[in-house]
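What follows is a short report on a single structure.
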Amino acid sequence: MNIIDVSRYEFKYLLNSEAVPEVRRFLLPYCSPDVNAHGTEWYGIQSLYLDTPEYAFYRASVDGTAERVKLRVRGYTTGTGPVKLEIKRRIGNIVCKKSFVTSQEVWGRLHRGDFGSGRELGRESLPFWRLVDQTRAAPTVLVNYERHALHSNVDDYVRVTFDRRILGQSMLKWSLKGDRRAWLSVDDPATPREEYSTYVLELKFKIAPPSWLRDMVSTFGLVSRGFSKYARSVTRLRTDRDPAWDLRTYPVVPPRVWRVA
């Protein structure tokens with residue numbers, strides 16, 4: 001099992017479909033397709049999000065808590081490639097992400113319900129499991145979307161991603177396999193006048209944005225805003241599918257920061 005540990009700034013912007021080609025053309029002199037694309041323009045990602053019994057992670061996201069955490073399992077919709085167990089902590093605009101990269105074989109044991117053996121097979125991922133135990137987190141929502149990813153040719157670390165066709169469904173088991181009949185769209189148009197779904201643009205860099213990235217934001221008049229795929233999914237799934245379900249019926253849980261040992 002490999003461990004990927006990265007800290008970076010992340011800023012999100014919402015684009016309508018007409019703006020996407022122009023923004024991509026602006027990026028061409030500076031960026032190339034990311035290695036995860038494997039020769040395709042768009043590739044599919046599925047993320048299984050965990051939450052506490054009180055939905056503390058969801059609450060922190062919708063409340064805009066300055067310091068918050070997410071637990072998720074991420075894979076590709078092709079069913080091939082690695083699976084990542086991830087702890088994602090956000091402090092303001094800085095994101096610290098620790099990914100424990102495992103194989104499809106190990107993840108398959110979890111998928112079949114061999115939860116205990118999954119822990120033993122990935123001892124390097126114990127910080128993930130400790131946090132799962134500490135928070136009593138469990139599978140909550142599966143999110144599916146398509147990504148077009150670029151990396152900078154002229155800087156040490158700059159990534160630009162476009163996400164589209166964001167779907168969510170409830171998921172109460174350790175699985176990245178959703179029910180194709182249960183997906184619900186969670187990427188509304190950016191404004192009521194628009195017909196097509198929103199594209200989520202993310203800019204990711206470690207120290208400071210390069211001048212060309214600042215120029216792009218200025219040229220297109222982009223305004224940074226929050227957009228949580230997980231929080232959007234929970235809100236949409238619960239309000240659309242079960243109107244009686246309301247987070248206000250849960251006990252109020254004081255905000256807290258989940259520390260990783």
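Contact map, segment 163-175: residues that are on the phi > 0 side of the Ramachandran plot paired with residues that are surrounded by 18 or more Cβ atoms within 10 Å (Cβ to Cβ) and part of a loop (DSSP other than H, G, I, E, B), Cβ distance under 9 Å, separation 6+ or inter-chain. Pairs shown: 165/187. Scanning segment 218-248 for residues that are assigned to a helix (DSSP H, G or I), at pLDDT 90 or above and surrounded by fewer than 17 Cβ atoms within 10 Å (Cβ to Cβ) yields a count of 2. Counting only residues that are part of a strand (DSSP E or B) and among the small types (Gly, Ala, Ser), which one in segment 137-154 is nearest to the chain's Cα centre (by Cα)? Ranking the qualifying residues of segment 137-154, first place goes to 149.
The rows are residues; the columns are (1) more than 22 Å from residue 234 (Cα to Cα); (2) in contact with a Pro (Cβ under 6 Å, 6 or more places away or on another chain); (3) among the aromatic types (Phe, Trp, Tyr); (4) surrounded by 15 or more Cβ atoms within 10 Å (Cβ to Cβ).
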| site | (1), (2), (3), (4) |
| --- | --- |
| 61 | no, no, no, yes |
| 64 | no, no, no, no |
| 67 | no, no, no, no |
| 75 | no, no, no, yes |
| 78 | yes, no, no, no |
| 98 | yes, no, no, yes |
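Among the listed residues 147, 136, 165, 180, identify the single one that is in contact with a Phe, Trp or Tyr (Cβ under 7 Å, 6 or more places away or on another chain), surrounded by fewer than 17 Cβ atoms within 10 Å (Cβ to Cβ) and of a type outside the set (Phe, Trp, Tyr). Going through 147, 136, 165, 180 in turn, the sole match is 165.
Cβ-Cβ contacts under 8 Å between residues 6 or more apart (or on different chains), taken from a first residue in segment 87-98 that is at positive phi to a second residue that is outside any strand (DSSP E or B) and of a type in the set (A, V, I, L, M, F, W, C), are listed as 92/66.
The residues listed here are 106, 101; of these, the one that is farther than 27 Å from residue 155 by Cα and β-branched (Val, Ile, Thr) is 106. Scanning segment 10-32 for residues that are of a type outside the set (Ser, Thr, Tyr), modelled with pLDDT under 90 and surrounded by fewer than 16 Cβ atoms within 10 Å (Cβ to Cβ) turns up just one, 18.
Listed by position, the strands (runs of 3 or more DSSP E) enclosed by segment 1-60 that each have at least 2 residues that are of a type outside the set (Gly, Ala, Ser) and in contact with a helix residue (DSSP H, G or I) (Cβ under 8 Å, 6 or more places away or on another chain) are 2-15, 43-51. May I ask you to list the residues in segment 186-214 that are modelled with pLDDT of 85 or more, exposed (fewer than 13 other Cβ atoms within 10 Å of the Cβ) and of a type outside the set (A, V, I, L, M)? Across segment 186-214, the qualifying residues are 211, 214.
Within segment 75-84, identify whether any single residue is basic (Lys, Arg), under 28 Å from residue 208 (Cβ atoms) and not in a helix (DSSP H, G or I), and answer yes or no. So far as segment 75-84 goes, yes, one or more of its residues are basic (Lys, Arg), under 28 Å from residue 208 (Cβ atoms) and not in a helix (DSSP H, G or I).
The values are calculated or read from the model by the stated rules, or taken from the named source; none is laboratory data. Only a predicted model underlies this, so the values are computations on that prediction, with no experimental measurement involved. We place every Cβ from the backbone using ideal geometry, glycine too, and count neighbours over all the protein chains shown.
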